[in-house]
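A short write-up of the structure that comes next.
The values are calculated or read from the model by the stated rules, or taken from the named source; none is laboratory data. Bear in mind the structure is a predicted one, so any value in this text is a computation, not a measurement. Ideal geometry is used to build each Cβ from the backbone, glycine not excepted, and the neighbour counts take in all protein chains shown.
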Amino acid sequence: MKYIDYMQLNPFQRFWYSFSNALKAFPGKLKNFFVAIGAFIVKFFKGIGKAVAGYVSRFVKGDWAVKISYIVMGFGNMVKGQFIKGLLFLGIEIAYIAYIVFFGWGYIQKFPTLGTVEQGMQINPATGGYELMAGDNSMLILLYGVLTIVLTAIFLAIYFASTKSAYAVAQQVAAGEKPVTFKSELQDLFDKKFHITMLAFPTLTISAFTILPLIFMILIAFTNYNKAHLAPGKLFTWVGFDTFSEIFAMTEGASKGATFIELTKWTLIWAVFATVLNYLFGMILALMINKKGIKFKALWRTLFVITVAVPQFVTLLLMNQMLQEDGAINVLLMSLGIIDKGILFLNSTPLIARVTVIVVNCWIGIPYTILITSGILMNIPADLYESATIDGAGPVRSFFSITLPYMLFVTTPYLITNFIGNVNNFNVIYLLTGGGPSTENFYQAGYTDLLVTWLFKLTMNSLDYNLAAAVGILVFIVCATLSLVTFNLTKSAKNEEEFS
Amino acid sequence: MIKSYKLRRGLTNALVYLVLAVLGIIWVSPLVYLVLHSFRDEGLATVSYLLPKTYSFKNYIELFTDTATLNFPRWFMNTFVVACFSCVISTLAVLMVSYSFSRLRFKARKPLINVGMILGMFPGFMTMIAIYYLLKAMGLTQTLLALVICYSAGAGLGYQISKGFFDTIPRALDEAATIDGATSNQIFWKIILPMSKPIVVYTVLTSFIGPWTDFILAKIIMGDMRDNYTVAIGLYTMVQKEFVVNYFKRFLAGSVLVAVPISALFLFMQRYYVEGVTAGGVKG
Amino acid sequence: MKRIIAMILAVLMMATLFVGCGGDEATNDGGAAATGLEPEAGATLKVWAPDAALEVFKAQCDAFIAQYPDAGIKIEVVAQGEGDAATNLLNDPEAAADVFSFACDQLNRLNDAGVIMPVNTNLATDVTARNSAESISAATLNDLLLAFPETGDNGYYLVYDKSLVSDEDAKTLEGVFEACRKANKKFIVDAGNGFYSCMFPFTGGLKIEGLEGELGDVQKFNDYDEAEVVATLEAFAKLFHEYSDIFFATSPDKISAGLAEDPSTVAAGIDGSWNASTVSKILGENYGAAKLPTINVNGTDKQIVSMHGYKLIGVNAMSKFPNASQLLADYLSGEACQLERAEKISWGPSNTNAAASEIVTSNPAISAILEQAKNSVPQVNIASTFWDPMGNLGNNLFKEDAKYDTATLTDLLNKTIANIRDE
């Protein structure tokens, strides 16, 4: 379609046109995405190969001090005068070895089986009491095994760097240069290598408290850690992909497979409605508040935004009370004479409950949209609207042909994060309906349960830890693919340098 | 013509006022309900009518005097301390990460940005037990320090909005400073940070609110150490089976008390919040 | 292993026959020395007790310490609800209490995870002898006594406002409903919660009989008469729909809340023992407490069968002071302590002597619950998958649009059981 044709379409046709184009392009984008991932993996392994090759060639080419540095880290640096740096390397090596000897090795050697000795009890004849015969704790073996592996990976990286550094300093000395002083390297950390200084602390904490626990969780999905294998009393072990086949097993009745599929459908429907409605209505409200000639703007905005200040779980628990059969909302409706018997908002038909949670979520989410969009809306060039008015466009038309496209263009990242946030929106469902209305067709779940609340119930109520972990992984795969594809292929990522 | 235009505008404005008023009432009424019932004197957990019949400060007073089992004032202080510390650390972490991603150029930048983005998408429940045992290995379980660590450790992952903000600051500024001999470190502290008030305020606000609302992870970390509970766990405890009958009104009063400082902060800083999020959240 | 324990138990039981039933005094007077058990010197113990009982437990622990003046025992009593004791214990057994109070449905989980220490064989005989048989069975798994019964009242009973519902009305569910309708006030039962809703099929003769299966995690049911159970469910559903104007399925805290209103909005309900003192205070002399009523199923009045739980005191398997912990648990679950708790905080005893005492029989709520216990299925050996499907069954009996003909309910019952068994 030529530009001139496009301009003649009405906003709805335009929207449909772009939308169908995006749909048509999606498979291609998805393919590109996976190709990119593949390329990344190839590059990663190539990089490792190159590192190993360099590691070997440096050993061959290096002098005796470099060769010793391959066993005693930092030796080469110390010999050539970089004492502090050499000592640091040596210190790291000693610390790592001490960790492995005194702690890590015990766990890492049991890691392949996750423990073999089951805890037992025996009677002490002297007292008649039972005594614990401690066994292996599979959970701790898994956790500390992962910790050891992560630490080993970090250590290896430092080890490579140390051999590289020993070789480099040897080259410098051989070329007759003075080795770089520790002070100038420190200075570098605040200028050319500033990113290392800036990212070191956050990376450390994120690795310890986000990545490591995540690896632990992912691995649990490949074990049989469930109600029949509870640590520390019982052992659990690796089972490969059994948990995943259990999820997709379509047995009769309330199978996990059927539950998973139904909950995935509802999770996506919920996320779309929750995101789109919040976005649209929030924007319309923001437009109204910021409309020319409307007074008390601060008051109106405060009225909505004040709800953000009350902790979410409080408002949700309160809403739960208000939506009961004899709760405040029914009392109000009855006293107004609109209904004569209380409506079971949260616990009758799936439809009523689902609509209710979406509406309540609007109540919670719209103030955030107002906050976020207010500023941008004011940034839309006023002459756009003026020319539209001159062309005879009413407010609805200018909303669809100017405001919405502009906002969509500008706020894509926000929309994606919001969508993911809604897929994982635990609080609203858990505190409002607890997943109800219940049904005999789902395994440990109700009609409004999202995958994430199902996951919570599986851990807390039925103790299916492995199942929960597997569900977590599936949720993650869906979210990550969706957002990486959109994020990297929308304009926002490409135009990053636009303002530079 | 002009008259009819004016009339039309007047009508539209009237309509807008009407819609805003109706919706405003809908939005605020649950909060009004919350506040009114926190002063309710009669009845137990809930009543079957809308407005309380008698009002008193009893629920608030009891919250501060009857502290033998549920020590609200202590929890309030705990939360305040945790929130202050974790908001300082989180803000620093967020600014450091987003500045690096926005202004500095290094090889691992792009992959790290992507990794950072997807890390936030795992549902976190299963990881809590791992976090607990890591904290235990450090001897920190059941302490407020553990909470500070938990709330600020992952903060760096929330870099997106402030990265967007930094992206809008012209790079020419950095370049000029570099020519004048400034290091990256100096540019960050002396040039970029002073210009980033809105985004700093936004980050401070969001990370300050976190500890007031989390009731799951905090409970797992604190276990039976009631003295170190935060208000969120405390309030959640008040609506459990054993407590709800006698404590529901106090739960409402406590919620109001939690909401007051946060809303004050919010209203006070709203302008910055809007500016920060507008510039950062949305860059296209 | 199990066989050896069983044999030891049997021998010990024989021994008690000769000694007689004088066990109670022996334990409460610190005579446990006779069993060869002495607390470790300098033992430092942590005890988990629910908030309501915190003060009583503290006093009782002090009394225990006084029994062993030379041992230098220190005890810290920490508040911890019985409902999530197992969850918190499993999170970190090493940081948890040495002696803890918990509800008996968590016993499986504690045993599976190997974090509960069985009752000392020298104490077991006496514990078995002094407590009701049902409470002992609730504390026993695979013929091994794992915990000390603490109460016998973790169940629900019928509470009613005597000025609106007569004692005669309270005998049948139909009577209660009719009286509520006459007063135009609510009847509340948490029928969508598995703990309460299991009474509907239980009344029809369904029973849980422990766990089975390769991994011991599948709920076993008795050979029930399907037609009978379905007919009972149908009778319940019919009543609920017929009286939908006064029947409210909502959490039990609404009972006390409704009774406390002026004028009250609730006339009767099925409430848990833990709210009894609040409710009796509100109603004063109009406080009515009785075992659950009967329901008319096809012309015959059937006693409603409830689920009845026990609170137990357990010893942490990781306790550093197992002997002191065992002795303390034994002491806290003894007759004197149970009686004191019955008097001070209205906890119904599991101890047979204490249950027969004047304090207990004169307390309407406790005696109603202990009376109801005779028509109940004990809350033992319950699969973790039990509650959710059972709650759904309850929901489907009262929901406005739910069908309740025989075919639908048969299907519902079968699906519920299949879901509980995860088949």
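Could you check residue A:372 against (1) more than 9 Å from chain B (Cβ to nearest Cβ); (2) in contact with a Gly (Cβ under 9 Å, 6 or more places away or on another chain) and say which number it fails?
Tallying (1) more than 9 Å from chain B (Cβ to nearest Cβ); (2) in contact with a Gly (Cβ under 9 Å, 6 or more places away or on another chain), residue A:372 fails exactly one: (1).
Give just the number: which of (1) β-branched (Val, Ile, Thr); (2) buried (at least 22 other Cβ atoms within 10 Å of the Cβ); (3) closer than 25 Å to residue C:387 by Cβ does residue C:119 not satisfy?
If we test residue C:119 against (1) β-branched (Val, Ile, Thr); (2) buried (at least 22 other Cβ atoms within 10 Å of the Cβ); (3) closer than 25 Å to residue C:387 by Cβ, just (3) comes out false.
Restricting to region A:128-158, give me the number of residues that are touching a helix residue (DSSP H, G or I) at 6+ places or on another chain (Cβ under 6 Å) and under 30 Å from residue C:119 (Cα atoms).
3
Taking the stated definitions as given, is residue C:340 modelled with pLDDT of 90 or more and under 25 Å from residue C:291 (Cα atoms)?
Here the answer is yes, as residue C:340 does meet what is asked.
For region A:386-418, give me the residue count where each residue is aromatic (Phe, Trp, Tyr), within 14 Å of another protein chain (Cβ to nearest Cβ) and either in a loop (DSSP other than H, G, I, E, B) or over 17 Å from residue B:164 (Cβ atoms) (or both). Lay out the reasoning, then the answer.
Of the residues in region A:386-418, the ones aromatic (Phe, Trp, Tyr) are A:399-400, A:406, A:409, A:414.
Filter again for within 14 Å of another protein chain (Cβ to nearest Cβ), leaving A:399, A:406, A:409, A:414.
With the extra rule that they be either in a loop (DSSP other than H, G, I, E, B) or over 17 Å from residue B:164 (Cβ atoms) (or both), the set shrinks to A:399.
Of the residues in that region, 1 qualify.
Tell me whether region A:137-160 contains one or more residues that are under 24 Å from the mean Cα position of the chain (by Cα), over 30 Å from residue C:90 (Cα atoms) and either within 14 Å of chain C (Cβ to nearest Cβ) or not in a loop (DSSP other than H, G, I, E, B) (or both). Steps first, please.
Step one: list which residues in region A:137-160 are under 24 Å from the mean Cα position of the chain (by Cα), which gives A:139, A:142-151, A:153-154.
With over 30 Å from residue C:90 (Cα atoms) added as a condition, the list becomes A:153-154.
When the remaining residues are screened for being either within 14 Å of chain C (Cβ to nearest Cβ) or not in a loop (DSSP other than H, G, I, E, B) (or both), the result is A:153-154.
Looking through region A:137-160, at least one residue is under 24 Å from the mean Cα position of the chain (by Cα), over 30 Å from residue C:90 (Cα atoms) and either within 14 Å of chain C (Cβ to nearest Cβ) or not in a loop (DSSP other than H, G, I, E, B) (or both).
Of B:178, B:168, B:141, B:183, which residue is farther than 26 Å from residue A:413 by Cα and touching a residue at least 24 places away in the same chain (Cβ under 8 Å)?
B:141
Which of the residues that make up region C:74-115 are of a type in the set (A, V, I, L, M, F, W, C) and more than 8 Å from every other protein chain (Cβ to nearest Cβ)?
Result: C:75, C:77, C:85, C:86, C:89, C:99, C:100, C:102, C:103, C:104, C:107, C:110.
Assuming residue B:181 fulfils every condition listed in (1) more than 8 Å from every other protein chain (Cβ to nearest Cβ); (2) outside any helix (DSSP H, G or I); (3) modelled with pLDDT under 85 apart from one, which condition is it?
(3)
Which fully enclosed helices (runs of 4 or more DSSP H) of region B:42-132 have 3 or more residues being within 24 Å of the chain's Cα centre (by Cα), under 23 Å from residue B:260 (Cβ atoms) and not acidic (Asp, Glu)? Can you show your working first?
Working: elements: B:58-65, B:72-103, B:109-119.
Here the list reads B:72-103.
With the checklist (1) at pLDDT 90 or above; (2) of a type in the set (Gly, Ala, Ser); (3) closer than 30 Å to residue A:399 by Cβ in hand, flag the one item residue A:353 doesn't pass.
(3)
Could you tell me whether residue C:310 is surrounded by 23 or more Cβ atoms within 10 Å (Cβ to Cβ) and aromatic (Phe, Trp, Tyr)?
yes
Report, by residue number, each residue of region B:62-79 that is touching a residue at least 40 places away in the same chain (Cβ under 8 Å) and closer than 20 Å to residue B:144 by Cβ.
Our first condition is that a residue be touching a residue at least 40 places away in the same chain (Cβ under 8 Å); within region B:62-79, this holds for B:62-63, B:70-72, B:74-76, B:78-79.
Hits for region B:62-79 are B:70, B:71, B:72, B:74, B:75, B:76, B:78, B:79.
All but one of (1) within 14 Å of chain C (Cβ to nearest Cβ); (2) crowded, with 23+ Cβ neighbours inside 10 Å hold for residue A:224; which doesn't?
With (1) within 14 Å of chain C (Cβ to nearest Cβ); (2) crowded, with 23+ Cβ neighbours inside 10 Å applied to residue A:224, the lone miss is (2).
Give me the pairs: first residue in region B:118-133 and more than 7 Å from chain A (Cβ to nearest Cβ), second residue in a helix (DSSP H, G or I), beta-carbon distance under 6 Å, and six or more apart or on different chains, which are they?
B:120/B:157; B:128/B:217; B:128/B:220; B:132/B:220
Considering (1) farther than 25 Å from residue B:226 by Cβ; (2) surrounded by 22 or more Cβ atoms within 10 Å (Cβ to Cβ), say which one residue B:82 fails and leave the rest.
Just one mismatch for residue B:82, condition (1).
I'm told residue B:190 meets every condition in (1) at the interface with chain A (Cβ under 10 Å from one of its Cβ atoms); (2) at pLDDT 85 or above except one. Can you identify the failing condition by its number?
All conditions are met except number (1).
Is one or more of the residues making up region B:177-200 surrounded by 20 or more Cβ atoms within 10 Å (Cβ to Cβ) and farther than 30 Å from residue A:196 by Cα?
No: region B:177-200 contains no residue that is surrounded by 20 or more Cβ atoms within 10 Å (Cβ to Cβ) and farther than 30 Å from residue A:196 by Cα.
In region C:274-293, is there at least one residue being under 24 Å from residue C:373 (Cα atoms) and in contact with a Cys (Cβ under 8 Å, 6 or more places away or on another chain)?
No: region C:274-293 contains no residue that is under 24 Å from residue C:373 (Cα atoms) and in contact with a Cys (Cβ under 8 Å, 6 or more places away or on another chain).
Say we look at region B:149-159 and pick out the residues that are surrounded by 22 or more Cβ atoms within 10 Å (Cβ to Cβ) and touching a residue at least 60 places away in the same chain (Cβ under 8 Å); which of these is farthest from residue A:372 (Cα to Cα)?
Among those residues, the one meeting the criterion is B:150.
Hey, residue A:77 hits all of (1) in contact (Cβ under 8 Å) with a residue 12 or more places away in the chain; (2) more than 12 Å from every other protein chain (Cβ to nearest Cβ); (3) polar (S, T, N, Q); (4) within 30 Å of residue A:224 (Cβ to Cβ) but one; which does it fall short on?
Condition not satisfied by residue A:77: (4).
(1) at pLDDT 90 or above; (2) within 36 Å of the chain's Cα centre (by Cα); (3) aliphatic (A, V, I, L, M): which one isn't true of residue A:87, the others all being true?
Condition (2) is where residue A:87 drops out.
More than 22 Å from residue A:241 (Cα to Cα), among the charged types (D, E, K, R), at the interface with another protein chain (Cβ under 8 Å from one of its Cβ atoms) and surrounded by fewer than 24 Cβ atoms within 10 Å (Cβ to Cβ) - does that describe any residue in region A:433-441?
Yes, some residue in region A:433-441 is more than 22 Å from residue A:241 (Cα to Cα), among the charged types (D, E, K, R), at the interface with another protein chain (Cβ under 8 Å from one of its Cβ atoms) and surrounded by fewer than 24 Cβ atoms within 10 Å (Cβ to Cβ).
What helices (runs of 4 or more DSSP H), lying completely within region C:330-380, carry at least 3 residues that are surrounded by fewer than 24 Cβ atoms within 10 Å (Cβ to Cβ), among the acidic types (Asp, Glu) and in contact with a helix residue (DSSP H, G or I) (Cβ under 9 Å, 6 or more places away or on another chain)?
Answer list for region C:330-380: C:335-345.
Contact list please: Cβ distance under 7 Å, first residue in region C:43-54 and under 16 Å from residue C:84 (Cβ atoms), second residue of a type in the set (Asp, Glu), pairs at least six apart or on different chains.
Pairs found: C:48/B:224; C:50/B:242; C:50/C:82; C:51/B:242; C:52/B:242.
Taking the options C:271, C:301, name whichever one is crowded, with 18+ Cβ neighbours inside 10 Å, modelled with pLDDT under 95 and not in a loop (DSSP other than H, G, I, E, B).
Going through C:271, C:301 in turn, the sole match is C:271.
Take residue C:273 and tell me if it is within 14 Å of another protein chain (Cβ to nearest Cβ), polar (S, T, N, Q) and out of contact with any strand residue (DSSP E or B) (no Cβ under 9 Å at 6 or more places or on another chain).
no
Would you pick out the residues in region A:344-403 that are farther than 22 Å from residue A:285 by Cβ, surrounded by fewer than 16 Cβ atoms within 10 Å (Cβ to Cβ) and not hydrophobic (A, V, I, L, M, F, W, C)?
Scanning region A:344-403 gives A:349, A:350, A:383, A:386, A:387, A:391, A:392.
Find the strands (runs of 3 or more DSSP E) located wholly in region C:83-197 whose residues include 1 or more that are in contact with a helix residue (DSSP H, G or I) (Cβ under 6 Å, 6 or more places away or on another chain) and more than 27 Å from residue C:73 (Cβ to Cβ), and list them. Explain how you work it out, then say what you get.
Working: elements: C:99-103, C:148-154, C:156-161, C:186-188.
Qualifying strands (runs of 3 or more DSSP E): C:148-154, C:156-161, C:186-188.
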